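Here the structure is laid out as structure tokens; the discussion comes afterwards.
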Amino acid sequence: MQLAQLLIFLILFPLIAAFFLFLAKKDLERAWIVKLSALAIAIVSVYLLISTYNMGGLLFSVVPAEPTGIIMFFLEMLIALAILYLGIVHKKWLVVGLILIQSVMMLWFELVYAHSVEVSSNLFIDEFSNIMALIIGIIGSLICVYSLGYMKFFHESHPEMKDRRPWFFAIMFVFIAAMFGLVFSNNILWVYFFWEVTTLCSFLLIGYTKTEEATTNAFNALWMNLLGGVAFAGAIIYLAMFGNGIMGLDTLLTSGKVIALIPAALIGFAGLTKAAQLPFSSWLVGAMVAPTPVSALLHSSTMVKAGVYILVRLAPIFQATFTGYLLAMIGALTFLIASGIAISQSNAKRVLAYSTIANLGLVVACAGIGTYEAIWAAILLIVFHAISKSLLFLSVGTVEHRIRSREIDDMNGLIVRMPKIAAMMVIGIAGMFLAPFGMLISKWAAIRAFVDVPYGFVFIIILAFGSAMTLFFWAKWMGKIITVTSDSKNIEGEVDHSEWTALTSLAGLSLITTLVFPLLSTKLLEPFLMENYGHVAQLSQDNIIIMIMMLLLLVIMPLSILIPQRKDKHVQAYMGGRTTTHDMWFSGSLGVQKKTVLSNYYLHEYFGEAKLRPAGIWICTALICIMFAATALRGVFL
Amino acid sequence: MINIVWGIVFVLLAPVIGGLVAGIDRKITARMQGRVGPSILQPFYDVGKLFEKEQAVVNETQIFYAICYFIFMIFTGALFFASGDLLLVVFALTLAQIFLVLGAFSANSPYSYVGAERELLQIMAYEPMVIITAVGMYVATKSFNVGDIATTTVPIVLLLPGIFLGFLYVLTIKLRKSPFDISTSHHAHQEIVKGVTTEFSGPSLGLIEITHWYETIFLLGFVYLFFGFNPLIGVVAVIIVYLLEILIDNTNARVKWQLAVKSSWLIAIIVGVVNLAALYFLAGGVP
């Protein structure tokens with residue numbers, strides 16, 4: 001009973017906060033509401049973890065399906081009307097069409113089938129939901145706190161834009177509420193409702209600045225996610241028609257593949273759209289036009305994580321099916337292609353976006369494979385990606401405000417110009433691709449998962465190439481940051497207090513989670529895997545010790561700076577004998593003074609977006625078609 | 001499972017053997033070119049001289065990265081010889097290598113900068129093949145543990161002939177031999193001054209040289225894994241492989257990085273798919 005109240009609190013409290021944020025017009029009021037609510041949400045999500053410790057999966061039937069269902073349906077229709085209106089105003093007929101189809105489907109369901117559907121327990125909590133709640137509750141809240149400083153600065157430097165911060169913060173908190181709802185709902189109708197709310201929130205946040213580009217990209221995101229919503233509604237209707245009234249995630253998972261595979265494939269498709277997998281990757285890249293905290297929120301703790309969450313939930317159904325392998329292949333190819341495109345990107349936020357798409361691809365690949373080892377890897381990927389990626393986005397946002405650029409080449413010598421933030425970025429980047437940090441542990445886990453499954457070697461080869469590319473684009477970015485341009489001035493200045501709190505907390509989290517990762521694995525992941533798969537995956541004791549040794553070495557090494565050293569002789573960088581000034585101006589031909597400018601390799605010729613993206617879109621679209629055809633055929637024959 | 005003794009043996013002996021290998025390498029290279037060549041101990045004299053020189057830097061952080069490169073390369077090799085997990089060894093190797101790249105980046109010098117980018121391209125070129133090799137060994141022996149692989153009775157090289165050839169191909173990159181000595185070279189004829197090591201001098205350059213000895217021994221150990229079923233054949237094979245690398249080094253002109261990356265990837269895809277698929281089929285049933 002008490003636990004159920006915690007769940008309800010986490011879903012409803014952000015809504016209340018959102019309501020007050022919508023009303024609060026003063027900066028100070030807003031700051032207090034955001035900080036206190038963020039703190040409350042974070043504390044309750046940790047408390048939830050403590051109080052459900054060792055209890056396994058729990059189902060709750062406290063909240064009655066009716067009238068909650070009716071209220072949700074009513075809200076859904078309201079949302080649909082709002083989207084319909086916006087679609088017509090902006091003449092986005094695709095959006096109008098999709099929302100009409102979706103609403104008609106849900107209306108039909110409500111009128112014809114709703115009474116025959118019964119779900120005894122609407123809410124639930126298990127270790128996986130717990131982990132998701134921690135990600136949403138801690139990282140999501142930190143991003144909201146960060147936004148306080150960022151948005152203030154944003155509107156000071158963009159006076160032409162209307163200051164709609166009350167609206168902005170309200171939507172951020174609604175988003176968080178919807179995410180909590182999504183991970184706690186057992187009733188698929190509820191999952192669907194929260195799913196649609198996240199779609200709407202992301203649409204509103206992407207279009208926040210109301211520039212033409214922002215509006216276009218917001219609608220782009222909307223139609224793709226609505227397409228997923230249509231598939232989701234299709235799954236609900238299929239379940240109502242052929243599923244004997246199954247409408248709970250728990251019953252769906254135990255109902256056997258004959259019934260579950262088709263709705264799982266449909267919901268899986270919705271997951272692909274939300275997780276921005278190819279061919280739907282463009283909405284997430286377009287979402288970059290939004291203020292940076294929005295990107296951080298979309299990429300780390302909400303939205304895309306909802307997509308992979310549902311896929312990982314349904315993984316037992318996909319395991320060892322043709323549908324699952326095709327889903328895994330879509331994910332793996334997305335990983336490969338998005339990693340490649342990331343090499344060619346010079347804009348920091350676009351690199352981050354493609355890296356998110358790539359890493360989610362890996363999660364999808366693991367979910368499609370669906371063995372216990374793969375799920376172990378998938379959940380680790382979700383956790384570590386959320387931490388490192390939010391840290392990186394927020395650092396880029398802070399840097400952007402100082403140097404007025406998102407170009408990686410403009411971040412040359414950041415370690416001298418903004419040492420503290422540069423250190424945060426280095427931790428974030430190292431967390432994304434280097435041993436012994438989280439993402440690398442997860443990739444390692446993924447390799448081990450793939451080795452043991454049929455056709456796994458194909459996935460391993462894709463993974464091997466993808467991670468080689470990953471390494472290339474992260475390392476060259478890191479190199480840019482740590483380049484010492486000795487004549488640059490420190491322009492870091494006073495970093496806003498709220499921004500700084502969020503950045504240091506996230507950097508701390510990424511180190512701590514790497515350190516306590518064995519605990520995370522044994523206390524949360526292993527019970528979850530045991531309950532759902534009857535097996536546990538883990539790293540051997542030796543390997544854990546070695547990783548901790550590596551981490552300690554890495555943490556200790558920078559401290560060597562503190563050791564007093566003899567002063568070394570300083571020389572100029574070798575410039576081929578040209579007369580060069582100390583700040584790297586050299587005398588070119590005819591005595592012209594030129595500045596030395598160093599730029600990264602982007603290899604457009606091989607990894608250009610224009611080249612790889614269309615290929616990826618066609619291949620993955622074809623795979624999705626085959627996936628549906630195969631699933632439908634299987635449904636017919638069985 | 002971890003065998004610390006072997007790890008310590010590696011840490012102590014690898015630079016000695018590695019230096020000797022480098023000396024023999026130079027002698028044989030000289031003979032191939034019709035020269036008498038230096039003493040076999042010449043690499044030690046060279047490094048000794050480097051350590052006597054004054055440390056000159058563009059900035060201090062370079063030394064930090066050189067030390068990290070050194071420490072993590074030793075860590076990688078020690079983990080390998082102490083029977084660690086082969087995949088973890090591969091990841092540790094990458095970490096070490098990244099520190100060298102960062103050292104080159106940190107100098108803010110055009111030549112070392114291009115060297116760093118090229119070094120990254122080289123890492124990108126060989127990494128897939130190395131991971132495929134590690135996975136191939138797992139499929140052959142059902143273990144990622146280096147100790148298990150080294151002492152297995154399974155003739156790995158016969159099960160992984162394609163992967164073995166593919167590994168030899170990228171070994172040329174790792175040993176910085178022509179035609180793939182793109183980011184920096186041991187030859188007198190350099191391309192971008194001295195690539196990644198352009199801005200390193202004196203003791204820090206000496207450190208990088210010793211690191212390379214460690215790396216060579218570690219890589220030769222990796223080659224040995226293919227022949228773990230028979231130690232004698234293993235040692236002979238390692239020697240032949242190294243002689244082959246010297247021959248390749250002296251008979252090939254340096255290629256462009258495009259060719260290096262493309263050819264390594266093509267070979268990795270072909271041998272990876274064909275060899276792993278064949279292996280799974282041999283193991284019976286569905287791949």
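The values are calculated or read from the model by the stated rules, or taken from the named source; none is laboratory data. As the structure is a computational prediction, the values presented were derived from the model and not from experiment. Heads up, the Cβs are rebuilt from the backbone with ideal geometry, glycines too, and the neighbour counts pull from every protein chain shown. Surface accessibility is based on the protein's heavy atoms, side chains included, excluding ligands, DNA and RNA. Shrake-Rupley method; radii C 1.70, N 1.55, O 1.52, S 1.80 Å.
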Would you mind pulling out the separation of the Cα centroids of the range B:16-61 and the range A:537-615, in Å?
-> 26
Relative contact order for chain A: what is it in percent, counting Cα pairs under 8 Å that are at least 6 residues apart?
-> 15
Charge tally in the Cβ shell below 14 Å around A:Ser129, where Lys, Arg are +1 and Asp, Glu are -1, A:Ser129 excluded = -2
Extending each Cα 7 Å along its Cβ direction at A:Ile403 and A:Glu29, get the distance between those two points in nm, one decimal.
-> 3.9
Note down the net charge around A:Leu226, summing +1 for each Lys or Arg and -1 for each Asp or Glu among other residues with Cβ under 13 Å from its Cβ.
-> 0
The range A:28-134: GluC sites (Glu not before Pro) in DSSP loop, at most 15 other beta carbons within 10 Å | A:Glu118
Point-to-point label distance, A:Asn54-A:Lys569, nm (Cα→Cβ direction, 7 Å offset) | 6.6
Using Cα atoms only, what is the angle between the long axis of helix B:202-225 and the major principal axis of chain B, expressed in degrees (0 to 90) to the nearest 10?
-> 10
How much FRET efficiency would the formula 1/(1 + (r/R0)^6) give for A:Phe322 and A:Leu100, where r is the Cβ-Cβ distance and R0 is 30 Å, rounded to 0.05?
-> 0.35
Along the Cα-to-Cβ line of A:Asn244, 7 Å from the Cα, sits a label point; which residues in the range A:289-330 have backbone N less than 19 Å from it?
-> A:317
May I ask you to derive the FRET efficiency for B:Leu243 and B:Phe51 from their Cβ-Cβ distance with R0 = 22 Å, giving the value to the nearest 0.05?
-> 0.15
Where A:Ile337, A:Ile343 fall by accessible area, highest first, once all protein chains stay in place (1.4 Å) = A:Ile337, A:Ile343
So for R0 = 60 Å, FRET eff. of B:Leu232-A:Leu111 from the Cβ-Cβ r, to 0.05, ends up at 0.15
In terms of the alpha carbon gyration tensor, root eigenvalues a ≥ b ≥ c, rounded if a/c is under 1.5 and otherwise prolate when a/b exceeds b/c or oblate, the range A:1-318 is oblate
Separation of the A:Ala610 and A:Asp410 label points, Cα + 7 Å toward Cβ, nm = 2.3
Buried solvent-accessible surface, both chains (A, B), 1.4 Å probe, Å² to nearest 100 | 5800
Any GluC sites (Glu not before Pro) in the range B:16-84 that lie in a DSSP loop and have at most 12 other Cβ atoms within 10 Å would be B:Glu54
Do any of A:Lys594/B:Lys53; A:Lys349/A:Lys523; A:Lys420/A:Lys611; A:Lys595/B:Lys49; A:Lys523/B:Lys142 go past 31 Å between their Cα atoms, and which?
-> A:Lys594/B:Lys53; A:Lys349/A:Lys523; A:Lys420/A:Lys611; A:Lys595/B:Lys49
Mind checking the per residue accessible area of the range A:1-318 for me, 1.4 Å probe, whole number of Å²?
-> 34
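Given a 1.4 Å probe and every protein chain left where it sits, what share in percent of the accessible area of the protein assembly as shown is carbon and sulfur?
The C+S portion of the solvent-accessible surface of the protein assembly as shown is 70 percent.
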Between the Cα axis of helix A:165-184 and the main Cα principal axis of chain A, the angle (0 to 90°, nearest 10) is 60
Rounded, prolate or oblate: which fits the range B:60-150, taking a ≥ b ≥ c as square roots of the Cα gyration tensor eigenvalues, rounded meaning a/c under 1.5, else prolate when a/b beats b/c?
-> oblate
Added length on full extension, which subtracts the Cα-Cα distance from 0.36 nm per residue, A:Ile491 to A:Trp93 | 138.5 nm
List, in order, the whole-Hz ³J(HN,Hα) value for each residue of the range B:134-142 obtained from phi through the Karplus relation with A = 6.51, B = -1.76, C = 1.60 and θ = phi - 60°; use x for Gly and Pro.
-> 4, 5, x, 5, 5, 5, 6, 10, 6
